[in-house]
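The values are calculated or read from the model by the stated rules, or taken from the named source; none is laboratory data. What you are looking at is a predicted structure, and each value in this text was computed from that prediction instead of being measured. Note that each Cβ is placed from the backbone with ideal geometry, even for glycine, and that neighbours are counted across all protein chains shown.
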Amino acid sequence: MKSFKDKVAVITGAGSGIGRYLSILLAKDGANIVVCDVNEDTLNETIEMLSQYNVSVSSHVLDVANKGDIEALPGKVIEHHGKIDLVFNNAGVATGGHFKDLDEEYWDWVMGVNLHGVVNSTRAFIPHMIDRPEAAIINTSSIFGMVAAPGHTVYHATKFAVRGFTEGLALEMAVTNPNLQIHCVHPGHIGTNIASSAKMSEETINTVIEERNNLNFTRNNPTSLEEIGIQFKDGGMHPSKAANIILNGVRKNKSRILVGLDAKLLDLSQRLFPKHYHKTWILFMPLMLLFRDKKPLKSLD
């Protein structure tokens, strides 16, 4: 895609994190923005941040797991903006704990947002995008859509599925509608609110805290889900940097966009040692911690 200027971009999960900075960077490049999030308060904060740019902005408070809301969204976007050029299926949630202990309610919640939200949104928007001269659908998977670790079964299930769905769709569009770019994004550790917004039972929270403390992930051992969330957000790449990498990947039409050195190293470990990649992580960990870029993008200063 040569330019984002005058494009209409739809971003889910735009109330914070990567989604917020995708919105800001796209607006800075002259795109018209449609921001969507389940949290009205944080969504309004994003809208306020977008007010400094001379572009058209509309917003929708919705849960991407609600199929009816997603199916109605393209019509609302076209009514307000007249077209749809870019769709970032970015919204995501997480839970924790081992599968045998995981409440079915939390399993269904993560599945609804991370997988069904992506699939239903893609299905809803494609008919309005295949005839555009330049268009792109960008689905967020994760590095956990390439490698697995204990305690994240449902997250892995959704992110591996998003990867397979998106890569298959990319192959189909390359034959039938090459003007419609399809991208799969694989972030590593990005400093977002996903950990603090996770849903878990009290028993699972205590187990997760105990496991993290036994592994000595941080010098200050967390004592609550709130502290885990704060440490996760403070320890990751700044989401503005992640958003910039994603947009550069769309410009270059990269079908797979790896975000962060940790994502690249973990992907490499799986490629080189498909059966034993976990054993290599202790070698990569110092590099991943040393070169994690926590500062905001300079161009936002």
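Of the candidates LEU180, LEU225, LEU261, the single residue that is touching a helix residue (DSSP H, G or I) at 6+ places or on another chain (Cβ under 8 Å) and either under 16 Å from ASN89 (Cα atoms) or modelled with pLDDT of 95 or more (or both) is LEU180.
Checking the condition loosely packed, with under 15 Cβ neighbours inside 10 Å and of a type in the set (Asp, Glu), which residue from GLU227, GLU172, GLU167 passes? First the steps, then the outcome.
Working: GLU227 fails: loosely packed, with under 15 Cβ neighbours inside 10 Å; GLU167 fails: loosely packed, with under 15 Cβ neighbours inside 10 Å.
Only one candidate passes the filter, namely GLU172.
Listed conditions (1) more than 15 Å from ALA243 (Cβ to Cβ); (2) of a type in the set (Ser, Thr, Tyr); (3) not in a strand (DSSP E or B) are all met by SER58, apart from (3). Residues considered: GLY151, GLY92. Of these, the only one that is out of contact with any Cys (no Cβ under 9 Å at 6 or more places or on another chain), farther than 25 Å from LYS7 by Cα and in contact (Cβ under 8 Å) with a residue 12 or more places away in the chain is GLY151. ASP108: charged (D, E, K, R) and at pLDDT below 95, yes or no? Here the answer is no, as ASP108 does not meet what is asked. Say we look at the stretch 257-301 and pick out the residues that are of a type in the set (A, V, I, L, M, F, W, C), out of contact with any Gly (no Cβ under 9 Å at 6 or more places or on another chain) and in contact (Cβ under 8 Å) with a residue 60 or more places away in the chain; which of these is farthest from GLU167 (Cα to Cα)? Checked the stretch 257-301; the qualifying residue farthest from GLU167 (Cα to Cα) is LEU300. Among the residues of the stretch 60-70, is any surrounded by fewer than 21 Cβ atoms within 10 Å (Cβ to Cβ), more than 19 Å from PRO133 (Cα to Cα), aliphatic (A, V, I, L, M) and without any contact (Cβ under 8 Å) to a residue 12 or more places away in the chain? Within the stretch 60-70, none of the residues are surrounded by fewer than 21 Cβ atoms within 10 Å (Cβ to Cβ), more than 19 Å from PRO133 (Cα to Cα), aliphatic (A, V, I, L, M) and without any contact (Cβ under 8 Å) to a residue 12 or more places away in the chain. For the stretch 139-152, indicate whether the set of residues that are part of a helix (DSSP H, G or I) and more than 25 Å from VAL35 (Cβ to Cβ) is non-empty. Yes, some residue in the stretch 139-152 is part of a helix (DSSP H, G or I) and more than 25 Å from VAL35 (Cβ to Cβ).
Residue-level check: of (1) of a type outside the set (D, E, K, R); (2) over 30 Å from PRO178 (Cβ atoms); (3) surrounded by 12 or more Cβ atoms within 10 Å (Cβ to Cβ), ALA263 misses just (2). Can you tell me which residue in the stretch 129-160 is surrounded by the most Cβ atoms within 10 Å (Cβ to Cβ), limited to those that are modelled with pLDDT under 95 and farther than 20 Å from GLN181 by Cβ? Filtering first and then ranking leaves HIS152. Would you say ILE78 is over 19 Å from the mean Cα position of the chain (by Cα) and either assigned to a loop (DSSP other than H, G, I, E, B) or buried (at least 20 other Cβ atoms within 10 Å of the Cβ) (or both)? No; evaluated as a whole, the condition is false for this residue. So is ASP108 surrounded by fewer than 22 Cβ atoms within 10 Å (Cβ to Cβ), of a type in the set (D, E, K, R) and either touching a helix residue (DSSP H, G or I) at 6+ places or on another chain (Cβ under 6 Å) or under 27 Å from ASN193 (Cα atoms) (or both) or not? Spelling it out, ASP108 is indeed surrounded by fewer than 22 Cβ atoms within 10 Å (Cβ to Cβ), of a type in the set (D, E, K, R) and either touching a helix residue (DSSP H, G or I) at 6+ places or on another chain (Cβ under 6 Å) or under 27 Å from ASN193 (Cα atoms) (or both). Among the conditions (1) within 15 Å of ASP37 (Cβ to Cβ); (2) at pLDDT below 95, the only one that LYS100 does not satisfy is (1). Residues of the stretch 116-126 that are over 16 Å from GLY92 (Cβ atoms) and touching a residue at least 40 places away in the same chain (Cβ under 8 Å): ALA124, PHE125, ILE126.
The helices (runs of 4 or more DSSP H) found wholly in the stretch 219-301 and carrying at least 2 residues that are out of contact with any Phe, Trp or Tyr (no Cβ under 8 Å at 6 or more places or on another chain) and under 27 Å from VAL208 (Cβ atoms) occupy 225-235, 261-272, 281-290.
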